[in-house]
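In what follows, a single structure is set out as C-alpha cells and then discussed.
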Amino acid sequence: MRPRTKASLLWGAVGALAFLVLAQGYELVAAPGISLLVKLAIAAIVWIVASGASYLFERWLARSERS
C-alpha cells in the first residue's frame with residue numbers, strides 16, 4: 001500500500017472515531033440519541049469523506065508548505 005493511501009485511510013479512521021466519541025459524549029450529557037447502527041453508518045460515511053478529503057488535499061498542503 002502506498003504511504004499516501006495509508007495516511008489518508010488513517011486520517012479517515014481518526015475522523016470516524018472522533019465522531020463516535022462526540023456522539024457518545026452527547027449521549028452522556030443529553031438524552032439518548034440515535035441507535036448504534038445509525039452511529040456506525042454515519043461513522044462509515046465520515047471515514048469515507050475524511051479519507052477522500054485527506055487524499056485530495058495532501059498534495060496541495062505539501063505544495064503550500066514548500067512555498
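Give me the accessible area per residue for the chain, probe 1.4 Å, as a whole number in Å².
About 79 Å² of surface per residue is accessible.
Helix 36-66 versus the longest principal axis of the chain: what angle, 0 to 90°, nearest 10, using Cα atoms?
Relative to the chain, helix 36-66 is tipped by roughly 20 degrees.
To test your reading of the geometry: what angle, between 0 and 90 degrees and rounded to tens, separates the Cα axis of helix 3-29 from the longest principal axis of the chain?
Once rounded, the angle reads 20 degrees.
Leaving out ligands, DNA and RNA, and with a 1.4 Å probe, what % of the accessible surface on the chain is carbon or sulfur? Intermediate values should be presented prior to the final figure.
Values: 3980 of 5270 Å².
Reported share for carbon and sulfur atoms: 75 percent.
Please work out whether the range 25-67 counts as rounded, prolate or oblate from its C-alpha gyration tensor, where a ≥ b ≥ c are the square roots of the eigenvalues and a/c under 1.5 means rounded, while otherwise a/b larger than b/c means prolate and anything else oblate?
Values: a/c = 8.22, a/b = 2.59, b/c = 3.18.
Here the range 25-67 falls in the oblate category.
The values are calculated or read from the model by the stated rules, or taken from the named source; none is laboratory data. Since we're looking at a predicted model, the values are computed, not measured. For the accessible areas, the whole protein counts, side chains as well, though only heavy atoms, and no ligand, DNA or RNA atoms are used. Shrake-Rupley method; radii C 1.70, N 1.55, O 1.52, S 1.80 Å.
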